[in-house]
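The block underneath contains the structure these notes are about, expressed in structure tokens.
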Amino acid sequence: MGKEMMRRQSLAGDWHFRRAGAPQQGVEEWLPATVPGGVHTDLLALGRIPDPFVGDNERRVQWVAEADWEYRYQFAVTPELLQQAHIWLVCDGLDTLATVSLNDRELGQAANMFRQYRWDVKPLLNADENDLRIVFDSPVRFAAAQQAIRPLPGVSQAIPGGPYVRKAPCQFGWDWGPQLPPVGIWKDIRLEGYHGARIEDIHLRQFHAKGEVEVEIEAKIETFEPAAEPLALAASITAPDGSVIQETVPRAFEGSNTSKVSLRITDPQLWWPNGYGAQPLYEVKVEVKAEPSTLTSTSTLTSASYRMGLRTLELRQQPDEWGRSFTFVVNGVPIFAKGSNWIPADSFPTRISDEYLEGLIRSAAETHQNMLRVWGGGFFEEERFYDLCDRYGILVWQDFIFSCSIYPLNDPDFLENVRAEVIENIRRLRHRASLALWCGNNEMEWGWVDWGWNRPEYEDMKAAYDLFFHRTLPAWCAAEDPDHAYWPSSPSSGVPFEDPNGQHQGDAHYWDVWHGRKPFTAYRSQYPRFMSEFGFQALPPLETIRTYAAEPDWNMTSYIMEQHQKNASGNALMVGQMLDSFRLPKDFESLVYLSMVLQAEGIRYGVEHWRRHARRVAGTRRVAGTLYWQLNDCWPVASWSSLDYYGRWKALHYAARRFYAPLLLSIEDAPPRQSIFLSSDLLEEWQGSVHWALTTLDGSVLASGQKAVQVEPLGVTAIETLDFSGFLDADSRRELVFLAELWQGNPRAANGPLAAQVAFFVPTKHLSLVDPQIHAAVTLKEGLLAIELSARSLARLVECSLTGAGAVFSDNYFDLPAQKVVSVTAPLPEGWDLDTARAALKVRSVYDTYSR
């Protein structure tokens, strides 16, 4: 394809920084810095501030974001780059209020961390010595000044005024996150040199018909002197098997800076969401070339490369017996969206390693999740995030970055800043196989309807909101990306300011169980078309608590524990709901464990109910998806996450592996009745059997039965409802267990049931539990630890752990009925042998939280 003439020179690496203005805090001298990075992480690396994540150090470092800072980089330009006719300084991410200068000449200002900024610097560059400086103004002081002029409602846990700054809203504080707004160069920075032309935009579209796919590539270029006419547009697509198709359009840009080329794939391999099929990706390369009559054969002026998954995707909204559907349909298949909400993975995002990020996405995929909602209080994620979602089959519900606040959308300068941000990020992400939806904002329509914003003093702001999210932003989306649906807000009915959390159409957020202190049974009163937020908090594992709280602070109401609880009365809400289900824990370690299993039980209760009502009718579902709040954390904290800040699996994450399984066996408990259901995400009919038993806690069988069962593709089967009134009295109900198991084939020849569920007739705290005397037999099988667990009496919510190792087990926090065997596996930690693992294995259950 020829040698490319474009040249790049990275400016990332070792920089220097200092506090701008009057010297204070002892950091007025130039200090070493790392780019990409930020002031907090640079000061932390130098030992100039304490770790903001430990104890109450968050409040001790507030001065950092309240100050102005200056970064400096001195460099020479490579001869190859300096020969280019045009050279740009390209800043992929400046956070946030920045003034950029080169060799004492101001280039311009930046005011948006979500945008790329570029300046033509060819006339200013020297071959040997160049001095690049970036001064960052305090986002906190700017926000405070704007808020003083016109106060706007926002998040109560946040630094006021954040909506005036185009910066990740949660960085100013949230009900799970600290007030630690970063400052600095948070993405790549470099020089780019071009000869003749530069690609300004590439739009990839795909059209499916008769088993073939036509890929249309539209290229928009910028040309400049010295001109290299005529220009050709060349494109190639490399299939997963290595085969290549290519096409060239000669003289593609005559009379225009835009041109198209199309390539036809005759035997396409389709991309599917996780659990529905594979995720083959095609490599697309686009080149702008000077034709040989002008230059030599090595004539590629500029190029761009993409990975593309071939699939059709629609948000199907059509009238049905329940109202209006809200179903994502991929390759003609109406899927049940199983997933969670994604927040920034670190308060200081430049610390996120590739390995850590992949661990989070992989953990979502391993629990059968097929969708993440990139929430509007964070930021548009980096390319590597979407790369991982493409690879792992994770659909992305992408919010624009507006959340829980009133924004100054009637300010022309603010609006123009947002316009550039929106267009840039749509163009950056629209080709992604994983992209499923553009959503205008998080909870702002709900705010106008139910949060007291609808007052005369904000009438102009409501009009600006209405215009922007219902006309302006959807028009931008339609113009830049006609292939993805737009949704105005989450939650929303799709009708402005009308029933945003309704049950008949649109998506819903249900927070009455947490904020409203309703019992978990309240989830069963909800039949949303799509549940895009709901959740319940838990403490993180004790190993994580150790990183921020010393043992004397291990108390739910201690000062430090409440510093790491950002939701008002959050710890009290946890304990209150805990005591509805469990006995008072005997110590802090037991309380931590109970908080995690409580969270898991609550979210399970909701998801199982909604999957029981995912029945398809005429290609739509009543409930078409559940996204629990939230997948991950940005710091070590008590929160709604299923993965803590260090990526440790909480009980909820193990529960998600069960309640998001392709075949879900569930019990709808309504004592004295117990009803058994089977929900399927499989694309073919499934047949097997369900075995049930009513037993005592020690395993004595009082009644039992079995039933052949089949479930249609993507269907739900109500298997049986059993009434045990004749077995129940005030005493016996505390002794009884209802057990259901899902089997396929001959149970005697099988390794065990595909799934098992238990239900009770009283809360766990009232069960007459005795010491289950759990026995664990540990062996090595194919390099894995194989653990067989059995008990003499019911063991509720059994936790397995390896002291000194952060192992992820094949299952955990499960019920272990008497006279049953449950087998789990875990990787053998590096450097361990079998005896070490046996000594480190720790097993406990609910009984251990109160027995002495």
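The values are calculated or read from the model by the stated rules, or taken from the named source; none is laboratory data. Computed from a prediction, not measured in an experiment: that's the story for all the values here. All Cβ positions, glycine included, derive from the backbone under ideal geometry; neighbour counts span all protein chains shown. When the accessible area is computed, the model is the full protein with side chains, heavy atoms only, and any ligands, DNA or RNA have been set aside. Shrake-Rupley method; radii C 1.70, N 1.55, O 1.52, S 1.80 Å.
Considering each residue of region 212-224 in turn, at least one proves to be among the charged types (D, E, K, R), within 23 Å of Asp481 (Cβ to Cβ) and crowded, with 16+ Cβ neighbours inside 10 Å. Residues in region 490-547 that are part of a loop (DSSP other than H, G, I, E, B) and of a type in the set (D, E, K, R) were compared, and the one that is farthest from Ala807 (Cα to Cα) is Glu498. The set of residues from region 229-250 being part of a loop (DSSP other than H, G, I, E, B), farther than 12 Å from Met308 by Cβ and under 40 Å from the mean Cα position of the chain (by Cα) comprises Asp241, Gly242, Ser243. Count of region 431-484 residues, restricted to those that are of a type in the set (A, V, I, L, M, F, W, C), under 22 Å from Asn417 (Cβ atoms) and in a helix (DSSP H, G or I), is 13.
Among the residues in region 598-613, are any over 30 Å from Trp322 (Cα atoms), part of a loop (DSSP other than H, G, I, E, B) and in contact (Cβ under 8 Å) with a residue 12 or more places away in the chain? No.
Residues that are of a type in the set (S, T, N, Q) and touching a Lys or Arg at 6+ places or on another chain (Cβ under 7 Å) within region 87-144 comprise Thr96, Ser101, Asn112, listed in sequence order. In region 273-281, the condition of being more than 15 Å from Thr312 (Cα to Cα), of a type in the set (Gly, Ala, Ser) and open to solvent by less than 60 Å² (accessible area, probe 1.4 Å) is met by no residue. Taking the numbered list (1) assigned to a strand (DSSP E or B); (2) open to solvent by less than 10 Å² (accessible area, probe 1.4 Å); (3) hydrophobic (A, V, I, L, M, F, W, C); (4) under 15 Å from Thr717 (Cβ atoms) in turn, Phe677 passes all entries but (2). When Ile49, Ile87 are checked against the criterion of being crowded, with 17+ Cβ neighbours inside 10 Å and assigned to a loop (DSSP other than H, G, I, E, B), Ile49 stands alone in meeting it. Somewhere in region 412-425, is a residue closer than 26 Å to Ser156 by Cα, touching a helix residue (DSSP H, G or I) at 6+ places or on another chain (Cβ under 8 Å) and of a type in the set (Lys, Arg)? Within region 412-425 (the criterion being closer than 26 Å to Ser156 by Cα, touching a helix residue (DSSP H, G or I) at 6+ places or on another chain (Cβ under 8 Å) and of a type in the set (Lys, Arg)), the answer is no, since none of the residues qualifies. Residues in region 68-84 that are in a strand (DSSP E or B), surrounded by fewer than 19 Cβ atoms within 10 Å (Cβ to Cβ) and not charged (D, E, K, R): Gln74, Phe75. The strands (runs of 3 or more DSSP E) found wholly in region 740-852 and carrying at least 3 residues that are of a type in the set (A, V, I, L, M, F, W, C) and surrounded by 15 or more Cβ atoms within 10 Å (Cβ to Cβ) occupy 755-759, 784-790, 795-802, 821-827. Considering the conditions (1) open to solvent by 10 Å² or more (accessible area, probe 1.4 Å); (2) farther than 30 Å from Gly37 by Cβ, Ile199 is excluded by exactly one of them, (2). Taken over region 541-593, the criterion of being closer than 30 Å to Leu767 by Cα and among the small types (Gly, Ala, Ser) is satisfied by Ser569, Gly570, Ala572, Gly576, Ser581, Ser590.
Residues in region 225-249 that are open to solvent by 50 Å² or more (accessible area, probe 1.4 Å) and either at pLDDT below 95 or touching a Leu at 6+ places or on another chain (Cβ under 8 Å) (or both): 9 in all.
Candidates are the residues of region 569-587 that are without any contact (Cβ under 8 Å) to a residue 40 or more places away in the chain and of a type outside the set (Ser, Thr, Tyr); the one that is nearest to Phe814 (Cα to Cα) is Met578. Of all the listed residues (Glu28, Glu58), the sole one being acidic (Asp, Glu) and buried (at least 16 other Cβ atoms within 10 Å of the Cβ) is Glu58.
Give the residues of region 541-552 that are open to solvent by less than 50 Å² (accessible area, probe 1.4 Å), of a type outside the set (Ser, Thr, Tyr) and in contact (Cβ under 8 Å) with a residue 60 or more places away in the chain, sorted by residue number. Of everything in region 541-552, those that are open to solvent by less than 50 Å² (accessible area, probe 1.4 Å), of a type outside the set (Ser, Thr, Tyr) and in contact (Cβ under 8 Å) with a residue 60 or more places away in the chain turn out to be Pro541, Ile545, Ala549.
The residue that is nearest to Tyr164 (Cα to Cα), counting only those in region 116-145 that are under 31 Å from the mean Cα position of the chain (by Cα), in contact (Cβ under 8 Å) with a residue 24 or more places away in the chain and open to solvent by 50 Å² or more (accessible area, probe 1.4 Å), is Phe142. Of all the residues in region 104-150, those that are of a type in the set (D, E, K, R), touching a strand residue (DSSP E or B) at 6+ places or on another chain (Cβ under 9 Å) and not in a helix (DSSP H, G or I) number 9.
Counting just the residues of region 79-94 that are closer than 30 Å to Pro349 by Cβ and among the aliphatic types (A, V, I, L, M), which one comes out farthest from the chain's Cα centre (by Cα)? Top of the filtered list is Leu81. Going by what's in this entry, would Ile406 be described as touching a Phe, Trp or Tyr at 6+ places or on another chain (Cβ under 8 Å), in a loop (DSSP other than H, G, I, E, B) and open to solvent by less than 10 Å² (accessible area, probe 1.4 Å)? Answer is yes for this residue. Among the numbered conditions (1) open to solvent by 10 Å² or more (accessible area, probe 1.4 Å); (2) touching a residue at least 40 places away in the same chain (Cβ under 8 Å); (3) under 24 Å from the mean Cα position of the chain (by Cα), the only one that Asp512 does not meet is (2).
Counting residues in region 640-649 that are modelled with pLDDT of 95 or more, basic (Lys, Arg) and open to solvent by 10 Å² or more (accessible area, probe 1.4 Å) gives one or more.
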